[in-house]
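Here is the structure we will look at.
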Amino acid sequence: APKSVPFLRAVNVIADAVRNEFPGRSVSIDTLAYQWTRAAPTVTLPRKNVIVRLCSIECNFGAQLSDPSNAKFQTDIVNWGHKSNRTWIWNYVTDFANYVMPWPDYYNLAPNTLFYMRHGVSGIFQEAAYQSTGSDLAPMKTYLMSKLLWDPENTDVNATAREFLELYYGETVAPRVIEYMDLWSTAMRDSKFYLGESVPYTSAYLTPENLLRSAA
């Protein structure tokens, strides 16, 4: 049985106690499916007042969730979706080891948000650089993620990014920032690097050539 089973059963006991303590009130218990508790149980179901918050910490953020490199997490999302209609996501959108280095998940945010929504997810938390003054394209990504959470089906990433960049940097600079995004997204694909949430600044896609082009 998955390691999540005894954990979820304990959470269910707490959820029952809370429901009995506050009859007639909508009080929910939020619990993490994180690392060793991430795999969905095969028999045990979460109570209706339990929110299962699935964490993507082991994912390859340089690829879409549908990519084979993210197969294990795909399986967990699908399986939890069969168990609960209150699955929430704790996602990661920056490199926690080096906030300001290029971390090209830009074009994966939209397909990944749609993937979540189509597999029973009803809430998403995007964890970014919470104890820093900034990270890679943080203002643009915040705008894009907000649009995607508001209307994931109809948000065009390219148009939304260009709209923000033209207003934020100006129409002259915006195309160069888009070149920057395309440069690092291509570098990620070409290097086939597994982009974790805490990779070093010596990572394979950060080649001297790419860094010089990026600086230019």
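The values are calculated or read from the model by the stated rules, or taken from the named source; none is laboratory data. As the structure is a prediction and not an experimental result, all values here were calculated from the model. Please note: Cβ atoms are built from the backbone with ideal geometry, for glycine as well, and neighbour counts cover all protein chains shown. SASA here: full protein model, heavy atoms, side chains in, ligands and nucleic acids out. Shrake-Rupley method; radii C 1.70, N 1.55, O 1.52, S 1.80 Å.
Only one residue in Asn79, Asn91, Asn60 is in contact with a strand residue (DSSP E or B) (Cβ under 8 Å, 6 or more places away or on another chain) and either of a type in the set (Phe, Trp, Tyr) or in contact (Cβ under 8 Å) with a residue 12 or more places away in the chain (or both), so which one is that? Answer to the selection: Asn91. Only one of the listed residues (Tyr143, Tyr201, Tyr205, Tyr168) is under 22 Å from Leu114 (Cβ atoms) and either open to solvent by 60 Å² or more (accessible area, probe 1.4 Å) or not in a helix (DSSP H, G or I) (or both). That residue is Tyr143.
Using the structure shown, decide if Trp150 is over 16 Å from Asp67 (Cβ atoms) and open to solvent by 30 Å² or more (accessible area, probe 1.4 Å).
Answer is yes for this residue.
Among the residues here, Thr155 qualifies as touching a Lys or Arg at 6+ places or on another chain (Cβ under 6 Å) and either crowded, with 19+ Cβ neighbours inside 10 Å or not in a loop (DSSP other than H, G, I, E, B) (or both). Given the structure, is Thr133 loosely packed, with under 13 Cβ neighbours inside 10 Å and either at pLDDT 95 or above or not in a helix (DSSP H, G or I) (or both)? Answer is yes for this residue. So which residues in the range 189-198 are among the hydroxyl-bearing types (Ser, Thr, Tyr) and either within 17 Å of Ser135 (Cα to Cα) or open to solvent by 50 Å² or more (accessible area, probe 1.4 Å) (or both), if there are any at all? Within the range 189-198, Tyr194, Ser198 qualify. Scanning the range 1-36 for residues that are small (Gly, Ala, Ser) and either closer than 19 Å to Ile89 by Cα or touching a strand residue (DSSP E or B) at 6+ places or on another chain (Cβ under 6 Å) (or both) yields a count of 4. The set of residues in the range 1-49 that are out of contact with any Leu (no Cβ under 6 Å at 6 or more places or on another chain), open to solvent by less than 20 Å² (accessible area, probe 1.4 Å), closer than 13 Å to Trp80 by Cβ and not in a loop (DSSP other than H, G, I, E, B) comprises Ser4, Leu8, Thr31, Thr37. Of all the numbered requirements in (1) over 25 Å from Asn210 (Cα atoms); (2) more than 11 Å from the chain's Cα centre (by Cα), Trp90 misses one, and that requirement is (2). Of the residues making up the range 177-188, not a single one is at pLDDT below 95, at negative phi and open to solvent by 60 Å² or more (accessible area, probe 1.4 Å).
Would you mind stating whether Ile124 is touching a residue at least 24 places away in the same chain (Cβ under 8 Å), surrounded by 13 or more Cβ atoms within 10 Å (Cβ to Cβ), outside any loop (DSSP other than H, G, I, E, B) and β-branched (Val, Ile, Thr)? It is true that Ile124 is touching a residue at least 24 places away in the same chain (Cβ under 8 Å), surrounded by 13 or more Cβ atoms within 10 Å (Cβ to Cβ), outside any loop (DSSP other than H, G, I, E, B) and β-branched (Val, Ile, Thr).
Pairing each residue of the range 105-121 that is more than 15 Å from Ala63 (Cα to Cα) with any residue that is part of a strand (DSSP E or B) and not β-branched (Val, Ile, Thr), provided the two are 6+ apart or on different chains, yields C-beta distances under 9 Å for Val121/Leu54; Val121/Trp88. Restricting attention to the range 50-87, the residues that are modelled with pLDDT under 95, surrounded by 20 or more Cβ atoms within 10 Å (Cβ to Cβ) and part of a loop (DSSP other than H, G, I, E, B) total 2.
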